[in-house]
Amino acid sequence: MAGDGTDMIEPVIGVIGGSGLYEIDGLEDREWRQIETPWGAPSDALLFGRLAGVRCVFLPRHGRGHPIPPSRLNYRANIDAMKRAGVTDIISLSAVGSLKAELPPGHFVLVDQFIDRSFAREKSFFDTGCVAHVSMADPVCRRMGDTLEAQARGLGFDVTRGGTYLVMEGPQFSTRAESELYRSWGCSVIGMTNMPEAKLAREAEICYATVAMVTDFDCWHTEHDSVSVDAVVKVMQGNADRARALVRAAIPRLGQRRGACEAGCDRALEHALITAPDRRDPALLAKLDAVAGRLL
Ligand SMILES: CSC[C@H]1O[C@H](OP(=O)(O)O)[C@H](O)[C@@H]1O
Ligand SMILES: Nc1ncnc2[nH]cnc12
């Protein structure tokens, strides 16, 4: 398929900016555009532009000025809007607490797994009238991870490839007992947003990779203060500059014309739909036009 040149694509790179990252720089032909979705409004308008000729779309996850908390984010609208914008690959930039001594503030972790402990969120585009079960065994796109790792190392950043991001509901930070529990599970970092974002990106057949930027040691480290927003914001100022540099370096590579994703993220729905065609709900199918229109 990819090899014969008939199914080559021009990737469109989406960037979701988390806490402290409400803009990206270096984009040409910039334009903020409001996108409507059948799932409601995304967190903000989307910033469209080009970087080194590659089409890019940026969305501040919590909205500019950070008005929306993790539990109130409309994750479905955010991912659907990215899909409507033509995004093929999402770089998720997130502030996280560290659950390991060897991952200090300032360190970047290219996580490859998640444990989803969030519970008060809409987690699927699919529902009664169109049921789908996608694989989440490998929630992060390996191909994107390879590029992000190479670019981060090339820039001389302290970066770890692989690790598990524990997603908590929040908005309060963890108790010490919770923090120790997640450490005993072997988790690397903790945050509040990457699920259901990664699940929805998979359902929408968009490649997804997280750059988890450590801002604090949560509340388990005896030689460090427990996490506070002030501390997160202070560390994020330095992290954000490096995150932008990484995005500027990675986009020209990720944006190269390519065939199907070798990790298969862009075909995630192919073996996932189970509802018989005659039992499908036309109203739901209409809402799925962007996410699953390719197969419905
Ligand atoms: C401001 S500290 C807690 C906040 O920061 C992280 O957000 P994001 O993942 O969007 O960078 C964390 O998940 C919480 O939402
Ligand atoms: N310790 C922490 N817990 C949850 N989310 C975070 N985001 C940044 N630091 C965090």
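Strictly over 28 Å apart at the Cα level, which of LYS123/LYS234; LYS199/LYS234; LYS100/LYS234 would you flag in this model? Distance filter (> 28 Å) returns LYS123/LYS234; LYS199/LYS234. Rolling a 1.4 angstrom probe over the protein heavy atoms with all chains in place gives the chain an accessible area of 43 Å² per residue.
Could you sort the peptides 196-209, 82-95, 26-39 by per-residue average Cβ neighbour count (10 Å cutoff), highest mean leading? Before the final figure, lay out each step's value.
On the way: 196-209: 25.5, 82-95: 23.9, 26-39: 14.4.
Highest-to-lowest ranking by the protection proxy: 196-209, 82-95, 26-39.
With the contact rule set at Cα under 8 Å and sequence spacing of 6 or more, what percent relative contact order holds for the chain?
In percent, rounded to a whole number, it is 27.
Cysteine residues of the chain whose C-beta has no other cysteine C-beta under 4.7 angstrom: CYS56, CYS130, CYS187, CYS219, CYS261. Using just its DSSP H runs of length 4 or more, each adding -39500 (n - 2.57), the chain gives a mean residue ellipticity at 222 nm of -8000 deg cm²/dmol after division by all residues. Comparing VAL227, ILE206, MET195 along the charge dipole axis of the chain, the residue lying farthest to the positive side is ILE206, per the Cβ-charge model.
Taking one equal scatterer on every alpha-carbon of the stretch 164-227, how large is log10 of I(q)/I(0) by Debye at q = 0.12, 0.21, 0.27 1/Å? Normalising to I(0) and taking log10 leaves -0.34, -0.89, -1.25. Could you please state, rounded to a whole Å, how far the C-alpha centre of the stretch 218-288 is from the C-alpha centre of the stretch 143-188? Answer, in whole Å: 13.
Given 37 °C and 0.692 mPa s, compute D for the stretch 13-287 with the Stokes-Einstein relation, Rh being the Kirkwood radius over Cα pairs; round to the nearest whole µm²/s. Here the translational diffusion coefficient equals 174 µm²/s.
Measuring r between the beta carbons of GLU223 and PHE119 and using R0 = 45 Å, the FRET efficiency lands at 0.90. Oblate is the label for the stretch 164-278. Its Cα gyration tensor axes, ordered a ≥ b ≥ c, give a/c of at least 1.5 and b/c at or above a/b.
Please work out whether the stretch 44-155 counts as rounded, prolate or oblate from its C-alpha gyration tensor, where a ≥ b ≥ c are the square roots of the eigenvalues and a/c under 1.5 means rounded, while otherwise a/b larger than b/c means prolate and anything else oblate? Could the numbers behind the result be given before it?
Numbers: a/c = 1.40, a/b = 1.18, b/c = 1.19.
Note, shape of the stretch 44-155 comes out rounded.
Listed values for the stretch 163-170 are Karplus-derived 3J(HN,Hα) couplings in whole Hz (6.51 cos²θ - 1.76 cosθ + 1.60, θ = phi - 60°), namely x, 10, 9, 8, 9, 9, 6, x, and x replaces Gly and Pro. Surface listing: SER174, SER226 arranged by accessible area from highest to lowest gives SER226, SER174, probe 1.4 Å.
The values are calculated or read from the model by the stated rules, or taken from the named source; none is laboratory data. As the structure is a prediction and not an experimental result, all values here were calculated from the model. Here Cβ is always computed from backbone atoms with ideal geometry, including for glycine, and neighbour counts include all displayed protein chains. The accessibility values were calculated without ligands, DNA or RNA, using every heavy atom of the protein model including side chains. Shrake-Rupley method; radii C 1.70, N 1.55, O 1.52, S 1.80 Å.
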